[in-house]
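Report on one structure; see the data block that follows.
The values are calculated or read from the model by the stated rules, or taken from the named source; none is laboratory data. Only a predicted model underlies this, so the values are computations on that prediction, with no experimental measurement involved. No Cβ is skipped: glycine too gets one built from the backbone with ideal geometry, and neighbour counts run over all protein chains shown. Areas reflect the complete protein model, heavy atoms only, side chains present, ligands, DNA and RNA absent. Shrake-Rupley method; radii C 1.70, N 1.55, O 1.52, S 1.80 Å.
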Amino acid sequence: GTRLHVCALKPGPRASTLLLAADNGTQENGPYFVHDWAADTWQSLAGGREGNCHDVQYAAGGDGFLWMGLPTVSSTYRPLEDETTDPHVQGIMKVDAAGGGVAALCRVPGAKDVNHAQLIADDSVVLLSERNFAAIAKYNLTTEHPHGDPNGGTLVWRIGGSQGTWPIVDFDGTEYMPGETVWANQHNPEFISDDEICMFDCTGLGNESRLLIVHVDEEKERATLRWQHKLGVLSQVYGDCDPLPSGNLLASYWKSEFSDSNSSADDDAV
């Protein structure tokens with residue numbers, strides 16, 4: 001049977017609405033809806049097409065198109081004809097919000113868990129969290145369906161993990177060479193300025209999670225850790241941090257193990 005729970009939400013087209021991505025059981029795939037909480041109504045989106053439940057957002061220019069994750073291929077999910085059938089290719093797709101037709105793609109060969117996308121510059125650029133690579137990556141996107149292009153996005157840079165190509169400088173000046181892991185299993189990296197990215201670093205420290213801000217210098221092809229807040233807990237599979245107008249960061253996480261923190265709750269926010 002179908003057992004849905006919501007994994008991602010964004011503002012909807014009206015003040016009383018939310019854009020929701022649902023997970024069918026534990027498949028990490030599911031349908032998309034607009035929920036009007038004032039009227040208590042639900043509207044199915046994308047012609048019932050399912051996608052990765054980690055993230056969803058409206059495309060630039062209105063609510064006619066959605067950006068959603070390519071579905072995670074598994075024994076319980078049957079890909080549609082226009083979807084990849086390779087379980088080692090993840091990414092995002094732009095689909096018609098009403099009918100679900102695919103308008104654009106950005107596929108990442110080798111990625112098994114692209115768990116977040118930030119579309120910027122009128123959707124011409126995307127910052128992806130490639131979780132299983134322990135990397136964040138910037139892509140230029142095509143504006144039309146990329147017939148003949150198997151990936152549909154041009155990699156600008158990838159930072160962190162075994163496939164990273166830039167050195168990363170730690171707070172104490174230690175320089176990690178390309179290919180070394182500094183953050184890992186990260187969630188929700190996003191540009192908070194033209195050259196700074198904040199993320200939730202789940203396991204980069206090994207036994208403790210942290211909020212992390214990284215400076216990226218595209219001219220020098222170099223990344224530098226700028227700020228961190230260690231949480232005293234380990235959140236292996238979930239976490240988020242977002243800037244507030246006050247200049248603070250709002251974070252949430254799902255605690256699976258703890259160190260010096262109170263162990264009475266499994267999830268928390270700071």
Accessible surface, per residue, of the chain when the full set of protein chains is kept, probe 1.4 Å, Å²: 48 Å²
Mind grabbing the accessible area of Val95 for me, 1.4 Å probe, Å², rounded to tens? 0 Å²
Calculate what fraction, in whole %, of the accessible area of region 1-117 sits on carbon and sulfur atoms when a 1.4 Å probe is rolled over the protein chains. 52 percent
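Roughly how many percent of the accessible protein surface of region 154-234 is carbon and sulfur, given a 1.4 Å probe and a whole-percent answer?
Carbon plus sulfur share of accessible area: 40 percent.
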Of Leu211, Leu155, Leu244, which is the most mobile in a GNM of the chain whose springs link Cα atoms less than 10 angstrom apart? Leu244
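Note down the relative contact order for the chain as a percent, whole number, built from C-alpha pairs under 8 angstrom at least six residues apart. Mind showing how you got there, number by number?
Working: 719 pairs, mean separation 23.8, N = 270.
In percent, rounded to a whole number, it is 9.
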Checking Lys220, Lys138, Lys230 against a Gaussian network model of the chain (alpha-carbon springs below 10 Å), the top fluctuating residue turns out to be Lys220
So how many Å³ per residue does the convex hull of the Cα atoms of the chain work out to? 150 Å³
Here the longest stretch of the chain that holds no chymotrypsin sites (Phe, Trp or Tyr not before Pro) in a DSSP loop having at most 14 other beta carbon atoms within 10 Å is 38-170
By the 4.7 Å beta carbon criterion, which cysteine residues of the chain come out unpaired? Cys106, Cys198, Cys202, Cys241
